[in-house]
Amino acid sequence: LAKTTQPISMDSYEGQEVNITCSHNNIATNDYITWYQQFPSQGPRFIIQGYKTKVTNEVASLFIPADRKSSTLSLPRVSLSDTAVYYCLVGDNPRNTGFQKLVFGTGTRLLVSP
Amino acid sequence: EAGVAQSPRYKIIEKRQSVAFWCNPISGHATLYWYQQILGQGPKLLIQFQNNGVVDDSQLPKDRFSAERLKGVDSTLKIQPAKLEDSAVYLCASSPAGLAGLGNEQFFGPGTRLTVL
């Protein structure tokens with residue numbers, strides 16, 4: 001079962017770049033790395049997903065080294081509204097059913113201050 | 001595009017009572033998930049449907065929890081009887097497919113906050 005480890009919390013200020021690193025030493029060949037964001041009283045929201053190297057979208061960048069045992073979510077120029085919990089997930093398919101199962105950890109609580 | 005709909009948003013019941021939650025996924029999404037999220041923790045998958053068939057229910061407490069997805073669209077999750085430790089937010093999510101090796105985004109609903117007294 002692929003497991004992820006990420007910092008429990010991080011603090012930042014508006015306008016700064018935030019990098020959240022996640023380790024997943026047991027990632028499987030078929031697993032994608034996915035990051036979700038969750039605000040209070042809301043369901044998680046997809047941010048970005050990657051398999052290897054670098055992925056960038058309008059919200060964030062995801063850096064994945066060649067061994068894929070870790071990944072880093074980069075949020076450029078954060079604002080107060082980026083205060084949320086960020087989850088790093090890798091797909092899991094323990095019964096080889098062909099269906100991917102996401103296992104959420106406790107996530108990283110990011111607090112952005114003025 | 002309409003998102004995942006859930007109802008009710010809040011529910012308060014006493015222990016040993018029954019409760020049911022409803023979920024309407026995004027139109028055309030074949031895969032539907034129910035998660036339980038206890039305060040301070042990440043969501044935990046309870047059950048996953050592909051169309052109207054169960055793919056994974058390994059973490060569903062089957063002595064008290066049940067779920068169905070008739071006709072492969074809407075789904076209901078039931079708890080009978082409820083215990084104090086069932087107090088949590090119950091999230092429903094859907095995705096177009098769930099094939100291994102394909103990173104499919106899951107779209108989450110707002111959740112139902114259950115309080116068991």
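The values are calculated or read from the model by the stated rules, or taken from the named source; none is laboratory data. Predicted model only: the values in this text are computed from it and were never measured. Note: ideal-geometry Cβ built from the backbone for every residue, glycine included; neighbour counts use all protein chains shown. For accessibility, only protein heavy atoms count, side chains too; no ligands or nucleic acids. Shrake-Rupley method; radii C 1.70, N 1.55, O 1.52, S 1.80 Å.
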Want the number for residue A:56 to residue A:41: 0.36 nm per residue separation, take away the alpha-carbon distance, what's left? 2.7 nm
Remind me, relative contact order of the stretch A:9-113 in percent, using alpha carbon pairs under 8 angstrom and six or more residues apart? 35 percent
Count, for each residue of B:39-48, the Cβ atoms from other chains sitting within 10 Å of its Cβ, then give me the mean as a whole number. 4
For a quick size check, give me the Cα extents of the protein assembly as shown along its three principal axes, largest first, whole Å. 48, 41, 33
On a straight-distance basis, which lysines could pair with residue A:52 in a cross-link, Cα separation under 16 angstrom, same-chain partners fewer than 8 positions away excluded? A:69
Residues of type lysines that residue B:83 reaches as a straight line, Cα spacing below 28 Å, ignoring anything fewer than 8 places off in the same chain: A:101, B:11, B:15, B:44, B:62
At 20 °C in a medium of viscosity 1.002 mPa s, the stretch A:9-113 has a Stokes-Einstein diffusion coefficient, with Rh taken as the Kirkwood radius over alpha carbon pairs, in µm² per second, of 151 µm²/s
If the cut-off is 19 Å between C-alpha atoms, which aspartates and glutamates fall inside it for residue A:54, apart from same-chain ones fewer than 8 positions away? A:17, A:31, A:67, B:105
Within-13-Å neighbourhood charge of residue B:15 [Cβ basis; K, R +1; D, E -1]: 0
If you count only protein heavy atoms and use a 1.4 Å probe, how large is the accessible surface of residue A:14, to the nearest 10 Å²? 90 Å²
Cut-off 14 Å between beta-carbons: net charge of the residues surrounding residue A:58, Lys and Arg +1, Asp and Glu -1: +1
Determine the shielding of peptide B:82-92 by partner chains: average, over its residues, the number of Cβ atoms on other chains within 10 angstrom of each Cβ. 1
